[in-house]
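One structure is given below, encoded as structure tokens.
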């Protein structure tokens, strides 16, 4: 295996749809999806999608959330909608309920631009991810499972992220249409409920 230089920074601005699932999948686990935007120059990110993990069995509903994390302002704003299913003679009906917005402290983006560099990630070979050649970068975390970031070979384009505290049940996020480039200001504006 050739010696790799220091791990790359993620692009200054990027966005992608994502698919979120578990490895291995347990009967209660869900596959969810959404979209995310990261702008490191503005120190802001947004993630829209079904929350995962979320127990529909315990709560009685699935949870869709749009979260705008603004580290410059030190706050995150979440807009949420609960989706509940109810059996009816003709099938299952879906009911939605808008929940109150929530504002919480927010110090840094969910995925820092220099996460691989700052975490002293080591190159762990070449793989095929989403049909593309990928470099695996491993972050060791004391007392937790290692995190693995799969980037398109020779680039800083994220294809897959495997994280979690328990090596026996890992969270996987695939980024099938990663786009590095400008993000419109309007993406980081949530309508007030």
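What the table below lists for this structure:
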read-out	value
From the options 169, 123, residue that is out of contact with any helix residue (DSSP H, G or I) (no Cβ under 8 Å at 6 or more places or on another chain), closer than 28 Å to residue 24 by Cβ and surrounded by fewer than 17 Cβ atoms within 10 Å (Cβ to Cβ)	169
Residue in segment 131-141 that is part of a loop (DSSP other than H, G, I, E, B), in contact with a strand residue (DSSP E or B) (Cβ under 9 Å, 6 or more places away or on another chain) and under 24 Å from residue 33 (Cβ atoms) present	no
Residues satisfying the stated conditions in segment 70-107, i.e. touching a residue at least 40 places away in the same chain (Cβ under 8 Å) and within 18 Å of the chain's Cα centre (by Cα)	70, 77, 79
Evaluation of residue 190 against (1) without any contact (Cβ under 8 Å) to a residue 40 or more places away in the chain; (2) over 16 Å from the mean Cα position of the chain (by Cα); (3) surrounded by fewer than 18 Cβ atoms within 10 Å (Cβ to Cβ) (one fails), failing number	(1)
Given (1) without any contact (Cβ under 8 Å) to a residue 12 or more places away in the chain; (2) closer than 26 Å to residue 188 by Cβ, index of the condition residue 27 fails	(2)
Meets criteria (touching a residue at least 12 places away in the same chain (Cβ under 8 Å), at positive phi and part of a loop (DSSP other than H, G, I, E, B)) for residue 156	no
Only one of 115, 44 that is closer than 28 Å to residue 180 by Cα and in contact with a helix residue (DSSP H, G or I) (Cβ under 6 Å, 6 or more places away or on another chain)	44
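Each value in this text was obtained by applying a stated rule to the coordinates, not by laboratory testing. Everything quoted here is computed from the prediction, not taken from an experiment. Glycine gets a Cβ as well: all are built from the backbone with ideal geometry, and neighbour counts include every protein chain shown.
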